[in-house]
1. Cβ-Cβ below 6 Å, separation at least six or inter-chain, first residue in segment 209-226 and within 22 Å of L100 (Cα to Cα), second among the β-branched types (V, I, T): which pairs?
2. Please specify each residue of segment 132-144 satisfying the condition of being free of Cβ contacts under 8 Å to residues at least 12 places away in the same chain and in contact with a helix residue (DSSP H, G or I) (Cβ under 7 Å, 6 or more places away or on another chain).
3. Restricting to segment 170-226, count the residues that are of a type in the set (A, V, I, L, M), part of a helix (DSSP H, G or I) and over 24 Å from Q136 (Cα atoms).
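Derivation of every value follows stated rules applied to the coordinates shown; laboratory data play no part. What you are looking at is a predicted structure, and each value in this text was computed from that prediction instead of being measured. Here the Cβ is made from the backbone with ideal geometry for all residues, glycine too, and neighbour counts use every protein chain on show.
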Amino acid sequence: MVSTWRSALAVSSVAALALLAACAPDAATAPQVTRTPTPAAARANAQAVLAAALPTGEHMLGNSLIEPAWEDVSGSIIYLLTPLGSPFPTHTSSHAVAPLYLVEYPPGSNVGTMNCMGVPGNCPDHDIEVATAATQIMPSVYGTDPTAVPGHDHLVAGPSSGGDFNISWEVIEILFTSKAAVTRLTTEEAVEKAIARGDAIEADLGFAFHCSVVPAAPYLRGTPVG
């Protein structure tokens with residue numbers, strides 16, 4: 001009985017496929033429809049692909065540290081190289097300084113892979129300092145234990161982005177005003193909108209440092225730190 005039912009189903013399926021093939025327009029003459037994704041869909045697809053393989057943590061190459069950052073105009077990933085032993089903090093003229101936004105995410109955040117993760121984590125030369133600042137400035141959101149802070153992102157303008165680029169970077173920590181306000185911020189525009197809504201505040205950490213933008217290849221050749 002079962003074999004008879006399956007045979008009948010197979011015959012019916014073949015007949016249906018033959019009918020569909022007969023009714024379908026010829027592939028050579030049928031108009032080809034190309035569906036162009038909307039800009040919002042294209043951005044969402046690009047972000048989904050990027051989020052699947054985001055780099056994280058400092059790598060050491062030779063006598064330098066390299067870390068990932070978000071290019072704050074385009075929202076793409078770039079890499080920052082800082083020579084070990086370079087002046088820190090730097091005493092560069094204020095006219096030669098651009099902002100580096102450091103977006104600190106509070107405990108419980110679900111934003112995916114961050115540029116630096118954990119305390120002590122994979123950016124050990126500054127993880128604890130920026131997490132401590134967050135817990136001291138906004139304990140109602142970040143708590144009082146810096147080691148519970150999950151990590152942060154860096155946002156800087158690239159040299160050809162048209163954004164605020166210079167030879168040294170003033171570290172501006174971006175802190176959320178509530179856990180409900182947490183969202184991934186990967187551009188300066190997104191940071192400014194979050195501040196305008198009251199979802200985040202700026203905290204100038206009072207120091208600048210030198211770094212340069214480099215390709216991905218040196219980062220990938222480096223040895224992970226932390």
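1. F209/T90; H210/T90; C211/T82; V213/I78; P218/I66; Y219/I66
2. Passing the criteria: only T144.
3. Number of matching residues: 4.
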